[in-house]
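**Student:** Take this structure, written in structure tokens, and hold onto it; I'll ask about it next.
The values are calculated or read from the model by the stated rules, or taken from the named source; none is laboratory data. Quick caveat: nothing in here was measured; it's all calculated off a predicted structure. A quick note on method: Cβ atoms are made from the backbone with ideal geometry, for glycine too, and the neighbour counts reach across all protein chains shown.
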Amino acid sequence: MRDYKKHLTLLPHKWQNVGFVMLAIVAVCFVPFICLRDQYESQFWYLCLYFAGDITLSISLFLVCFSQEKYEDEYITSARYRALTIVAYTFIVGWAIASMIKGGPTLGRGVISSIGQMVGEEDYYRDLMTMANTPAVLRGIFLIAAYISNLAILQLFYILLLKIIVRTGKGIGFESILLPYSYKKTGWWILIISAILIPAVLYFIGHVLPDNMGNVMERSADRQAFIRLYVTVCRIMAPIPYVGILFICLSKEKQEDEFIQHIRVRILAFFVIYYLVAMFLRKHTDFSIPTLIAMKTQGTGLRGIAFTTYSVMLRIGGLLGRLTWVPLVSVVYALVLKKVLSKNLTESSNEE
């Protein structure tokens, strides 16, 4: 059987110090940079500095999060897992709340356009879904959810939380913060049912219902009432898959022990690193690099090459967007964990 007790493969401790120095540089430069925003925001050099600062921030946080402590031992490993688990709770809950208010992928631009055109109220639909027309309470909740699920803020939270857990001696017994095993099966049922129910309900409301409403849809007030119904249904259904993945990913195994805990911490850390790297690449292929290319080549003879590069970057960003969809990553994590646990348990049984 493989040595499941060996420490996580992390960067040497000195890289944590490098990360903190980079964080300090970003913090010092932040205030004067923001003060110049209104004056230089649309200029090419300003955006270059902005994206360079964003890259520096991402790298520095990564170095701090995934470098060893000065004395890395079994206790630190358990403290890391406890901190990672709390951060995972925060991330999924934040995404679920934000998705509920925004309506999730069910209220994308394409859906807004098609439904709005179908009922002749496209402008009303678009105005309804802007945050400016969302009630103040919901806007406030959305901002809080967006902040607590922001990757940079979550990494800072993880760094602080790990230090607190290590200092207060709360790293032992980290399995107690997981949900009971019975929640795991419930989570799979929620996820499967939502994968069938959500598309069916949206198809019924978005296609079948308008086609059978007849003369009712001729009145603007009724069309707008239909749109409000569609938006409400989308907002209610959007967080359902996140409830499922929360139960699946953060529930205990049937026989929870030290062996399973050590394997889970390694798999969880691997997927966190994957998600951070993929989101970093997505951000800069979907926005940063295409923006700079478009600004630099505007009005020059390189527009053809620039457009091709721009299109390729956006396609890469779109692919990474699908590969970083939270429910998909969570399901893959759960399946990989189950596979690795099964393989290791089989090896353990054979050795005995």
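**Student:** Is it fair to say THR309 is at pLDDT below 85, exposed (fewer than 13 other Cβ atoms within 10 Å of the Cβ) and among the β-branched types (Val, Ile, Thr)?
**Tutor:** no
**Student:** When you scan segment 141-152, how many residues do you find that are surrounded by fewer than 16 Cβ atoms within 10 Å (Cβ to Cβ) and of a type in the set (Val, Ile, Thr)?
**Tutor:** 1
**Student:** In segment 53-67, what count of residues is obtained for those that are within 13 Å of THR9 (Cα to Cα) and in contact (Cβ under 8 Å) with a residue 60 or more places away in the chain?
**Tutor:** Residues meeting the conditions: 2.
**Student:** Moving on to the next point. Can you tell me which residue is nearest to ILE92 (Cα to Cα) among those in segment 168-186 that are modelled with pLDDT of 85 or more and basic (Lys, Arg)?
**Tutor:** For segment 168-186, the residue satisfying everything is LYS184.
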